[in-house]
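Okay, so here's the structure we're looking at.
The values are calculated or read from the model by the stated rules, or taken from the named source; none is laboratory data. This is a predicted model, so every value here is computed, not measured. Cβ sites come from the backbone with ideal geometry, for glycine too, and all protein chains shown count toward neighbours.
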Amino acid sequence: MAELETKPAADNNGGRTKSNKKSTRVDLTAMVDLAFLLITFFILTTTLQKPTAMDLVMPDQGDTRIKVPESRTMTVLLGANNKLEWYIGQPGHPLTQPSVDNFGKNGIRRALLEQSARIKQQQGKDMIVLIKPSDQSNYANMVNMMDELNITNNNMRAIVDITPGEVNLLKRDNIYNQ
């Protein structure tokens, strides 16, 4: 609350009336209390940003080997420097030549769409994508690959360990730093 303090005039002023100067003192306690109440209210009532996470369903710890035809299988090898290599078939004898590509609509997304349409037309079934990250790839590459699969509506995918032969393939095509 505001208070007004007044000082009485001195007695020996020589017959003149002296105007009283009034000083004001404003007590800000109530305003500070209100500010802290408002800050507390807004902190408690705001919704904090929820962390975004990618849903990934992993199989049980049993035998996870499933036989699938190699003509329906696209293998994507994640290498260094945001590069990847893909092929259809098995590593020893691929049905298509391995292609070095990058992420984005003109890279792996186009290959996923083209190969998926070709396999769907030939066999009437969906394409299966095997993602094999190398020790030279980073987490962002894996997330980007999963995003590309979501964009192309490819739901048949698996994350698999890379083999030494596939690492040699990455080294041969200079997308594996040593």
request  = Please identify the pairs in which a residue from the stretch 154-176 that is closer than 16 Å to residue 97 by Cβ has its Cβ atom under 9 Å from the Cβ atom of a residue that is surrounded by 12 or more Cβ atoms within 10 Å (Cβ to Cβ) and among the acidic types (Asp, Glu), counting only partners at least 6 apart or on another chain.
outcome  = 166/85; 169/85; 170/85; 173/85; 175/85
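Table: residues versus (1) at pLDDT 85 or above; (2) within 14 Å of residue 75 (Cβ to Cβ); (3) in a helix (DSSP H, G or I).
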residue: 88; (1), (2), (3): yes, yes, no
residue: 92; (1), (2), (3): no, yes, no
residue: 111; (1), (2), (3): yes, yes, yes
residue: 145; (1), (2), (3): yes, yes, yes
residue: 162; (1), (2), (3): yes, yes, no
residue: 165; (1), (2), (3): yes, yes, yes
residue: 170; (1), (2), (3): yes, yes, yes
residue: 178; (1), (2), (3): no, no, no
inquiry  = If the requirement is being modelled with pLDDT under 75 and either within 25 Å of residue 141 (Cα to Cα) or surrounded by 10 or more Cβ atoms within 10 Å (Cβ to Cβ) (or both), which of these qualifies: 40, 73, 52?
reply    = 52
note = Sole miss for residue 99 among (1) surrounded by fewer than 18 Cβ atoms within 10 Å (Cβ to Cβ); (2) touching a Gly at 6+ places or on another chain (Cβ under 8 Å); (3) closer than 22 Å to residue 177 by Cα is condition (2)
message = Being within 16 Å of residue 165 (Cβ to Cβ), in a strand (DSSP E or B) and in contact with a helix residue (DSSP H, G or I) (Cβ under 6 Å, 6 or more places away or on another chain): is that true of residue 130 here?
response = no
request  = Confirm whether residue 108 is within 20 Å of the chain's Cα centre (by Cα), exposed (fewer than 13 other Cβ atoms within 10 Å of the Cβ) and touching a residue at least 12 places away in the same chain (Cβ under 8 Å).
outcome  = no
remark   = Taking the stretch 136-153 and keeping residues in contact (Cβ under 8 Å) with a residue 24 or more places away in the chain and among the acidic types (Asp, Glu) leaves 148
